[in-house]
Amino acid sequence: MPGRGPARQPGRAAARIRRAPRLENPTWITTAPHAAGRCVVGATVMAYKGWSEYDAAGEAVRQGVNDWIRHSGVFDAVVDFDRITRSPYDPQALLPFFDGGDHIHPNDKGMQAMADAVDLAALRCDR
């Protein structure tokens, strides 16, 4: 699963995403696995407000990427880690119960919630 790299760069996230050549053809992430008969499960990017590198530009990128993951139809299934781990009172932040302390990495309870959210049947598809 690709990481959060572009969203982590304060003040530069939006510019980095616009320059990312892979986003010109976003199906690159599924082409090889699908050709090999594999399923691809997309996962949304979790909230990270409170982390030292959080900023509005990075948050806008995160929201855009998550919208694409949820609605593009590129993936065989989607697990919405953002919905599962975010605070209902501050949707840009992790739920404090799941926050590992740095506001970006979930604790053991958060990891368990993420694991529980994965539909194992989605990992077996008819390709």
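If the chain linking D102 and I29 were pulled fully straight, counting 0.36 nm for each residue of separation and taking away their Cα-Cα distance, it would gain 23.4 nm.
Annotation for V41 and H71: the two label points, set 7 Å from Cα along the Cα-Cβ direction, are 2.4 nm apart.
For the pair S52 and L120, a Förster radius of 22 Å applied to the C-beta separation gives a FRET efficiency near 0.05, rounded to the nearest 0.05. Report, to one decimal in Å, the Kirkwood hydrodynamic radius for segment 60-116 based on all distinct Cα pairs. Radius from the Kirkwood sum: 12.1 Å.
A short reminder: the numbers here are calculations on the coordinates, not readings from a lab. Just so you know, these numbers come straight off a predicted model, no measurement behind them. Using ideal geometry, Cβ is built from the backbone for each residue, glycine included, and neighbour counts are taken over all protein chains shown.
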